[in-house]
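None of the figures in this text is laboratory data; all of them are computed from the coordinates on show. What you see is a predicted model; the values in this text were computed from it and never measured. Virtual Cβ from ideal backbone geometry, glycine too; neighbours counted across all protein chains shown.
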Amino acid sequence: MLVSATEMLQKAKAGHYAVGQFNINNLEWTKQVLLAAEETKSPVILGVSCGAAKYMTGFKTVADMVKAMIDCMGITVPVALHLDHGTYEACYDCIEAGFSSIMFDGSKYAIEENVAKTKELIDVCKKKGMSIEAEVGAIGGEEDGVIGMGECADPRECKMIADLGVDMLAAGIGNIHGKYPANWKGLSFETLDAIQQLTGEMPLVLHGGTGIPDDMIKKAINLGVAKINVNTECQLVFAEATRKYIEAGKDLEGKGFDPRKLLAPGCDAIKAKVIEKMELFGSVGKA
Ligand code: 13P
């Protein structure tokens, strides 16, 4: 079922586990994430960045594909289709296209304008039964050409944005997108703790899930993180499995060049990685 992320995240926060947001790039990705969720009876969030939507020809294509796949595959677990790091314009495109959840990334605006635009989008989402995520403090690394520094959010600013009525709040706690550099200092649990104390029930979101050690993930969940975004890790295992297939010359054997065969090892690798993350996040059996 396509649902907003509100209820699944409130349950996750109350039950001390996290729901994974897995970013999708194409039909193969979407299918594997949905298979993993159904097999493990996990709620799941499909993340779509503006770049990925453009690649897939638009938000409408993505929304229609996801809805059709949920139907054709007989998916029974709750699935949220969520815009990842949306611009103001992309948020409206997704509302129109039939997404069930959006993230408004207003970090490029001054705080007053960020607040005004966030409030406006909260109102629209509430009317449509959609969920909305806001971000405080830029998340480091590179995503769709936006480079952040991995800064820590100001807990009071988090409280202010949480009080506007968002359903989930992403706060920078030293996390970055993509691979972590060797000299990365780790997550700031002090910041996370301070944010959690001020924002109470609010489900907190941890971006940049790739490469964060398992013990830090568990500690973050204990401190109120209820949604964890994973993107790069699925891309890495897909690329590795595909490279192995080609390096072994399997595309040259029989009909090994058939995309359904060529992409199969990568697809299996994505599914296995998603299941591994769902087990780590504690969402297995929670659908
Ligand atoms: P990673 O690519 O580091 O897993 O980050 C994903 C993410 O946070 C998407 O918003």
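Specify the angular offset, from 0 to 90 degrees and rounded to the nearest 10, of the alpha carbon long axis of helix 27-40 from the longest principal axis of the alpha carbons in the chain.
Taking the Cα atoms of the chain, the angle to 27-40 is about 80 degrees.
Using 1/(1 + (r/R0)^6) with R0 = 41 angstrom and r between the beta carbons of LYS255 and TRP184, what's the FRET efficiency to the nearest 0.05? Before the final figure, lay out each step's value.
Details: r = 44 Å, r/R0 = 1.08.
That gives a FRET efficiency of 0.40.
With a 10 Å Cβ neighbour count serving as the proxy for reagent exposure, in which order, fewest first, do ASP214, ASP167, ASP251 appear?
Working: ASP214 9, ASP167 24, ASP251 16.
By the 10 Å Cβ count, ascending: ASP214, ASP251, ASP167.
Treating only the Cβ of Lys, Arg, Asp and Glu as charged (+1, +1, -1, -1), what charge dipole size does the chain show about its Cα centre? Round to the nearest 20 debye.
Working: 30 positive and 39 negative charges, 129 e Å.
Charge dipole of the chain: 620 debye, to the nearest 20.
Using 1/(1 + (r/R0)^6) with R0 = 41 angstrom and r between the beta carbons of LYS119 and GLU279, what's the FRET efficiency to the nearest 0.05? It would help to have the intermediate numbers written out before the result.
Values: r = 38 Å, r/R0 = 0.92.
Efficiency, rounded to the nearest 0.05: 0.60.
Quick check: from the Cα gyration tensor, does the stretch 80-227 come out rounded (a/c under 1.5), prolate or oblate? Don't skip to the answer; put the middle values down first.
Details: a/c = 1.69, a/b = 1.45, b/c = 1.17.
Judged from the Cα gyration tensor, the stretch 80-227 comes out prolate (a/c at least 1.5, a/b above b/c).
What is the Cα centroid distance between the stretch 268-287 and the stretch 23-77, reported in whole angstrom?
15
Calculate one ³J(HN,Hα) per residue across the stretch 117-123 by plugging θ = phi - 60° into the Karplus curve 6.51 cos²θ - 1.76 cosθ + 1.60, and present them in order as whole Hz with x for glycine and proline.
Residue by residue, the stretch 117-123 yields 5, 5, 4, 4, 5, 4, 4 Hz.
Take every DSSP beta bridge with both residues inside the stretch 6-281 and express the antiparallel ones as a percent of the total, to the nearest 5. If you can, show how the numbers build up before the last one.
On the way: 4 of 34 bridges.
Antiparallel: roughly 10 percent of the beta bridges in the stretch 6-281.
With a 10 Å Cβ neighbour count serving as the proxy for reagent exposure, in which order, fewest first, do TRP184, TRP29 appear? Kindly include the intermediate steps, with their values, before the conclusion.
Numbers: TRP184 15, TRP29 22.
Neighbour counts put them in this order, fewest first: TRP184, TRP29.
Give the long-range amide H neighbours of LYS227: residues separated by 5 or more places, or on another chain, with amide H under 5 Å away, using H modelled in the peptide plane at 1.01 Å from N.
When sequence neighbours closer than 5 places are left aside, the close amide H contacts are VAL19, LEU204, LEU206.
Taking the Cα centre of each part, how many Å lie between the stretch 154-203 and the stretch 119-137?
Cα centroid of the stretch 154-203 versus Cα centroid of the stretch 119-137: 18 Å apart.
Under a plain spin-label model, where a point goes 7 Å from the Cα along Cα-to-Cβ, how far apart in nm are TYR55 and LYS244?
2.2
Exceeding 23 Å between C-alpha atoms, which entries from my cross-link table qualify? They are LYS31/LYS261; LYS60/LYS159; LYS119/LYS159; LYS227/LYS271; LYS179/LYS227; LYS108/LYS277.
LYS60/LYS159; LYS108/LYS277
What spacing in nm lies between the two simple spin-label points modelled at LEU27 and TYR92, each 7 Å away from Cα in the Cβ direction?
Roughly 3.2 nm, to one decimal.
Summing -39500 (n - 2.57) over the DSSP H runs of n ≥ 4 in the chain and dividing by its residue number, what mean residue ellipticity at 222 nm do you reach, to the nearest 500 deg cm²/dmol?
Numbers: 12 runs with 138 residues, N = 287.
Result for the chain: -14500 deg cm²/dmol, rounded to the nearest 500.
Would you mind getting the Kirkwood hydrodynamic radius of the stretch 26-92 from its Cα pairs, rounded to one decimal in Å? Could you put the intermediate results ahead of the total?
Numbers: mean 1/r = 0.0815 Å⁻¹.
Computed over the stretch 26-92, the radius equals 12.3 Å.
Using only the alpha-carbon atoms, how far is helix 189-199 inclined from the longest principal axis of the chain? Give it as 0 to 90 degrees, nearest 10.
Helix 189-199 sits at roughly 60 degrees to that axis.
Based on other C-beta atoms within 10 Å, arrange PHE104, PHE99, PHE189 from fewest to most. Numbers along the way, then the final one.
Numbers: PHE104 25, PHE99 29, PHE189 16.
Least crowded to most crowded, the residues run PHE189, PHE104, PHE99.
List the trypsin sites (Lys or Arg not before Pro) within the stretch 85-123 that fall in a DSSP loop (any state other than H, G, I, E or B) and whose Cβ has at most 11 other Cβ atoms within 10 Å.
Values: sites: LYS108, LYS117, LYS119; in loops: LYS108.
Those that pass, being in a loop and sparsely packed, are LYS108.
Working only with C-alpha atoms, what are the Rg and Dmax values of the chain, expressed in angstrom?
In order Rg, Dmax, the Cα atoms of the chain give 18.3, 62 Å.
Could you tell me which GluC sites (Glu not before Pro) in the stretch 194-287 are loop residues by DSSP with no more than 16 other beta carbons within 10 angstrom of their beta carbon? Walk me through the numbers on the way to the answer.
Values: sites: GLU201, GLU233, GLU240, GLU247, GLU253, GLU276, GLU279; in loops: GLU201, GLU253.
Answer in residue order: GLU201, GLU253.
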